[in-house]
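To keep things clear, I will list the structure first and then write my remarks on it.
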Amino acid sequence: MEGVGRLRALEAPVKLKSGSRDFEIEILFREGFEIRARIDGRELAGTLRELGDASAILEIEGRRFRVMGARRKQSILVAVGPRTFDFAPVDGGARRARRGLAAAEIIAPMPGKVLKVLVNEGDVVSAGQAMVIIEAMKMETTLSAESPAVVKRVCAKPGDTVDHGAVLIELSPAVVSSALQSDPEAR
Amino acid sequence: MARRKLKVLLVANRGEIALRIIRTARAMGLRTVAVFSEADAHSAHVAAADDARLIGGAPAAESYLNIDSIIAAARETGADAIHPGYGFLSERPEFARAVEQAGLIFVGPRADVMAQLGDKISARKLAIAAGVPVVPGLEAAAPDAACEFAAREGFPILVKAAAGGGGRGMRVVESAEVCVAALEAASREALSAFGDGRVFIEKYLARPRHIEVQFLGDEKGNIVTMGERDCSIQRRHQKIVEESPAPHLSNTARDAMLAAATRLARAAGYTNAGTAEFLVDGDRFYFLEVNARLQVEHPITEIRFGCDLVEEQLKIACGEEIAPPSAPRGCAIECRINAEDASAGFRPAIGIVLDLRVPAGPGVRFDTHLARGSEVTPFYDGLLGKLITYGSDRKQARARMVAALDELAILGVTNTAAFLRDVIASEAFGAADLSTRFIEEQFSHWPSEDQALTEAALIAASLTASGALGIRPTEAAAQLTAADGADRSPWKALGGFELWKRQ
């Protein structure tokens, strides 16, 4: 039966992240309208009523939410009332975190034009330091370092038209620790 | 006054406003023509019109700003008038002139009037001559003179593009150290956005309100005003919430503003719909600029006055005389739903609408071009829709807005609906403690932690991951392939997602 198949699939805990936060979620039980889940070790119970339009009414902790969801290539989109969430599976970001970098690259958030590059290769930058100014959606946007780092490579120059997701700057960790030297990726 | 007959209207715009104009034109019995860029081939406005023409590539400069291409589309389709909507070419005098030279009716003010009002420096001169108060400022500011002015008047100062509008090309300069750099950046932004790098500066009022007056002018020289709109709730000088009437505004101040707008419109020889914007400090008001076009937030005026401003515009364009407006009633509020991530510095968002829930009910209007399968591209302004509520008083309009925002859900494009819901529901908004600083004062940190909501999201995500909830990929893929072409469908690579199993 379809329902049984679903239940089995739900037995596996799912690790998700939203922004910088990681979560572990496990659906423990689902029968009729009843649903029980464990989130980061904390158990909670509620009801889930599926509606014909692929949304559902979820009641937990005495509150009632209308939820919708869709799977995408690398993420799961969820709407809870008017709020939207974009969850990604927890992945290799952990290694970068170990290396002390919030992000290993400065990436164009939108297609746009590079107006200014404010750093050079080898520069030591601090968290929040402005690195690139791009013009996208008719506005100037300043892209800054999220954590202390060293500029490994500058991949863009003023006047370049860049696509969404283009790597503008590559970063390496600011402080070289012994743990890092043993990491074959960090040269 | 020559009466002209209008039969075919071309709408030189896209998105919700193109759709909204087409609706009125159709109700008036006109034939409608849409124009679209390569990115908008499947947009709602294209489907809504009787005829549609491709006018160029996705970047606006190749399509919605391409005057020759739009005029050619009008000639080909036998259009006798062009409505420019807002944004794009709506306030470009050269466009209005080109439309007139092609023997077509431009639905808006004359090109020379638009040129005079569109340039902030000449508009300011006109306001002074018409006895309308203005904020102390300096025209065509060179860096040296600007710094001198700032030293005299005190920081902060506001730098504005002479050809700008809608908050673009504006910057607040807080201190002498960054003054020169900010002037350069503003000038650069102005040059790229408007093709005109001239800037001017003004004294920056600390906690002003932004209140504007809607007016209409006809060819006979009649000017009528249709109340005011309070647009104080802004983010980075972009309006996000508007309401009418302006709360806590004395009748004396209101009457004085309406009279000032009338004087200004008369002095300019204004025809068609326009808006005079003012900064308001207590009961004192200062002229900001005239928007020589239909405003984004025009529906709140329509609802209070029981009229259709696009219909008024089309009648005026045909040479008809304006009828005096009826008495306004109740209160109307508008929220602009933008494709932005309010929890990440309002970063612009793009995507495909995978699922959509639209609010309804008494006193609720939602102007949008979105449908399931619509794609939000990075090429244009990210306005997804305008939610408007009406109430017999502000309390009712506000309660309806909160309920309507709670009902709204757009899955697939991160948007500001939840942020706006919290803004409207806030005590500060309830007390109508309004100023253009409202958002930075009240909502600089959003969202606040809501554990139950996060848990609900996680449960929903987990169920979606396993396929127990949400749009079934097969069903959605069929829809999206039809709407967007197989290449761009996010479902194409579906299956790339895996559950992370405990080993």
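The values are calculated or read from the model by the stated rules, or taken from the named source; none is laboratory data. Note that this is a predicted model, so its numbers are computed, not measured. Virtual Cβ from ideal backbone geometry, glycine too; neighbours counted across all protein chains shown. Each accessible area value is taken on the protein alone, full model and side chains, heavy atoms only, with ligands, DNA and RNA left out. Shrake-Rupley method; radii C 1.70, N 1.55, O 1.52, S 1.80 Å.
Suppose the filter is at pLDDT 85 or above, outside any strand (DSSP E or B) and within 21 Å of the chain's Cα centre (by Cα); does B:Ala246 pass it?
Values: at pLDDT 85 or above: yes; outside any strand (DSSP E or B): yes; within 21 Å of the chain's Cα centre (by Cα): yes.
Criteria met by B:Ala246.
Regarding B:Asp144, is this residue modelled with pLDDT under 95 and within 28 Å of B:Leu314 (Cα to Cα)? Break it down into steps so the answer makes sense when it comes.
On the way: modelled with pLDDT under 95: yes; within 28 Å of B:Leu314 (Cα to Cα): no.
No.
Taking the conditions exactly as written (within 14 Å of chain A (Cβ to nearest Cβ), modelled with pLDDT under 95 and within 23 Å of A:Ser18 (Cα to Cα)), does B:Gln451 satisfy them or not? Spell out the reasoning first.
On the way: within 14 Å of chain A (Cβ to nearest Cβ): yes; modelled with pLDDT under 95: yes; within 23 Å of A:Ser18 (Cα to Cα): yes.
Spelling it out, B:Gln451 is indeed within 14 Å of chain A (Cβ to nearest Cβ), modelled with pLDDT under 95 and within 23 Å of A:Ser18 (Cα to Cα).
In the range B:312-328, which residues are free of Cβ contacts under 8 Å to residues at least 60 places away in the same chain and in a loop (DSSP other than H, G, I, E, B)? Give the steps one after another, and end with the answer.
Initially, the range B:312-328 is screened for residues free of Cβ contacts under 8 Å to residues at least 60 places away in the same chain, giving B:315, B:323, B:326-327.
Scanning the range B:312-328 gives B:Ala323, B:Ser326, B:Ala327.
Taking the range B:350-367 only, how many residues are over 22 Å from B:Ala425 (Cα atoms) and open to solvent by 20 Å² or more (accessible area, probe 1.4 Å)? Steps first, please.
Our first condition is that a residue be over 22 Å from B:Ala425 (Cα atoms); within the range B:350-367, this holds for B:350-356.
Then drop every residue that is not open to solvent by 20 Å² or more (accessible area, probe 1.4 Å), which leaves B:350, B:356.
The total comes to 2.
Sort out for me the helices (runs of 4 or more DSSP H) sitting completely within the range B:339-432 that have 1 or more residues that are within 12 Å of chain A (Cβ to nearest Cβ) and more than 20 Å from B:Gly470 (Cα to Cα).
Details: elements: B:394-407, B:417-425, B:427-430.
Hits in the range B:339-432: B:394-407, B:417-425.
Take the range B:217-273 and flag every residue that is touching an Asp or Glu at 6+ places or on another chain (Cβ under 9 Å) and among the charged types (D, E, K, R).
Answer for the range B:217-273, where residues must be touching an Asp or Glu at 6+ places or on another chain (Cβ under 9 Å) and among the charged types (D, E, K, R): B:Asp218, B:Glu219, B:Lys220, B:Glu228, B:Arg229, B:Asp230, B:Arg235, B:Lys239, B:Glu242, B:Glu243, B:Arg254.
Only one of these is touching a strand residue (DSSP E or B) at 6+ places or on another chain (Cβ under 6 Å), among the polar types (S, T, N, Q), closer than 22 Å to B:Val135 by Cβ and at pLDDT 95 or above: B:Thr271, B:Thr252, B:Thr225. Name it.
Working: B:Thr271 fails: closer than 22 Å to B:Val135 by Cβ; B:Thr252 fails: touching a strand residue (DSSP E or B) at 6+ places or on another chain (Cβ under 6 Å).
Residue meeting the stated conditions: B:Thr225.
Which residues, taken from the range B:384-400, are out of contact with any His (no Cβ under 9 Å at 6 or more places or on another chain) and within 13 Å of B:Ala417 (Cα to Cα)?
In the first step, residues of the range B:384-400 are kept if they are out of contact with any His (no Cβ under 9 Å at 6 or more places or on another chain); the result is B:386-400.
The answer is B:Lys386, B:Leu387, B:Ile388.
Any residue in the range B:339-367 that is free of Cβ contacts under 8 Å to residues at least 24 places away in the same chain sitting within a Cβ distance under 9 Å of a residue that is in a strand (DSSP E or B) and open to solvent by 40 Å² or more (accessible area, probe 1.4 Å)? List the pairs, counting only those 6 or more apart or interchain.
The qualifying pairs are B:Arg347/A:Thr141; B:Arg347/B:Glu340.
Taking B:Ala431 as meeting all but one of (1) at negative phi; (2) surrounded by 14 or more Cβ atoms within 10 Å (Cβ to Cβ); (3) not β-branched (Val, Ile, Thr), write down the number of the exception.
So the condition that B:Ala431 fails would be (2).
Would you be able to say whether some residue in the range B:316-334 is over 20 Å from the mean Cα position of the chain (by Cα) and within 14 Å of another protein chain (Cβ to nearest Cβ)?
The answer is no, given that none of the residues of the range B:316-334 is over 20 Å from the mean Cα position of the chain (by Cα) and within 14 Å of another protein chain (Cβ to nearest Cβ).
Of all residues being among the charged types (D, E, K, R) and outside any strand (DSSP E or B) in the range A:48-82, which is farthest from B:Leu408 (Cα to Cα)? Just the residue, please.
Among those residues, the one meeting the criterion is A:Lys73.
Could you list, in sequence order, the residues of the range A:148-170 that are assigned to a strand (DSSP E or B) and modelled with pLDDT of 85 or more? It would help to see each step written out before you state the result.
To start, the set of residues in the range A:148-170 that are assigned to a strand (DSSP E or B) comprises A:149-154, A:161-162, A:167-170.
Within the range A:148-170, A:Ala149, A:Val150, A:Val151, A:Lys152, A:Arg153, A:Val154, A:Leu168, A:Ile169, A:Glu170 qualify.
Residues checked against (1) at the interface with chain B (Cβ under 9 Å from one of its Cβ atoms); (2) touching a residue at least 12 places away in the same chain (Cβ under 8 Å); (3) not polar (S, T, N, Q):
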residue: A:Phe23; (1), (2), (3): yes, yes, yes
residue: A:Ile27; (1), (2), (3): yes, yes, yes
residue: A:Gly32; (1), (2), (3): no, no, yes
residue: A:Leu48; (1), (2), (3): yes, yes, yes
residue: A:Ile57; (1), (2), (3): no, no, yes
residue: A:Ile60; (1), (2), (3): yes, yes, yes
residue: A:Arg64; (1), (2), (3): no, no, yes
residue: A:Val67; (1), (2), (3): yes, yes, yes
residue: A:Ala70; (1), (2), (3): yes, no, yes
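Of all residues in the range B:66-79, which are of a type outside the set (S, T, N, Q) and surrounded by fewer than 20 Cβ atoms within 10 Å (Cβ to Cβ)?
Across the range B:66-79, the qualifying residues are B:Ile67, B:Asp68, B:Ala72, B:Arg75, B:Glu76, B:Gly78.
Whether any residue in the range B:205-222 is assigned by TED's automatic domain parsing to the domain that holds B:Val296, open to solvent by 10 Å² or more (accessible area, probe 1.4 Å) and either free of Cβ contacts under 8 Å to residues at least 60 places away in the same chain or of a type in the set (S, T, N, Q) (or both) is what I want to check.
Yes, there is a match, as at least one residue in the range B:205-222 is assigned by TED's automatic domain parsing to the domain that holds B:Val296, open to solvent by 10 Å² or more (accessible area, probe 1.4 Å) and either free of Cβ contacts under 8 Å to residues at least 60 places away in the same chain or of a type in the set (S, T, N, Q) (or both).
Taking the residues in the range B:435-447 that are more than 12 Å from chain A (Cβ to nearest Cβ) and more than 17 Å from B:Arg336 (Cα to Cα) as candidates, determine which candidate is least open to solvent (accessible area, probe 1.4 Å). Even if it seems obvious, please write down each step before you answer.
Step one: list which residues in the range B:435-447 are more than 12 Å from chain A (Cβ to nearest Cβ), which gives B:435-445.
Add one more test, that the residue is more than 17 Å from B:Arg336 (Cα to Cα), and what stays is B:435, B:437, B:440-442, B:444-445.
Working: B:Ser435: 0, B:Arg437: 63, B:Glu440: 103, B:Glu441: 88, B:Gln442: 88, B:Ser444: 78, B:His445: 160 Å².
Looking at residues that are more than 12 Å from chain A (Cβ to nearest Cβ) and more than 17 Å from B:Arg336 (Cα to Cα), I get B:Ser435.
For (1) modelled with pLDDT of 85 or more; (2) in the same structural domain as B:Phe379 (by TED's automatic domain parsing); (3) over 30 Å from B:Leu434 (Cβ atoms), each residue gets a yes or a no:
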{"site": "B:Glu94", "(1), (2), (3)": "yes, no, yes"}
{"site": "B:Glu100", "(1), (2), (3)": "yes, no, yes"}
{"site": "B:Ala115", "(1), (2), (3)": "yes, no, yes"}
{"site": "B:Asp119", "(1), (2), (3)": "yes, no, no"}
{"site": "B:Ala123", "(1), (2), (3)": "yes, no, no"}
{"site": "B:Ala129", "(1), (2), (3)": "yes, no, yes"}
{"site": "B:Val159", "(1), (2), (3)": "yes, no, no"}
{"site": "B:Ala163", "(1), (2), (3)": "no, no, no"}
{"site": "B:Arg168", "(1), (2), (3)": "no, no, no"}
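Is it fair to say B:Arg20 is among the basic types (Lys, Arg) and surrounded by fewer than 19 Cβ atoms within 10 Å (Cβ to Cβ)?
Numbers: among the basic types (Lys, Arg): yes; surrounded by fewer than 19 Cβ atoms within 10 Å (Cβ to Cβ): no.
Criteria not met by B:Arg20.
When residues of the range A:107-147 are filtered for being away from chain B (no Cβ under 14 Å), in a loop (DSSP other than H, G, I, E, B) and open to solvent by 40 Å² or more (accessible area, probe 1.4 Å), how many remain?
Looking only at that region, the number is 7.
Go through (1) in a helix (DSSP H, G or I); (2) of a type outside the set (Phe, Trp, Tyr); (3) open to solvent by 20 Å² or more (accessible area, probe 1.4 Å) one by one and return the number of the condition B:Ala457 breaks.
Only one criterion in (1) in a helix (DSSP H, G or I); (2) of a type outside the set (Phe, Trp, Tyr); (3) open to solvent by 20 Å² or more (accessible area, probe 1.4 Å) is unmet by B:Ala457, namely (3).
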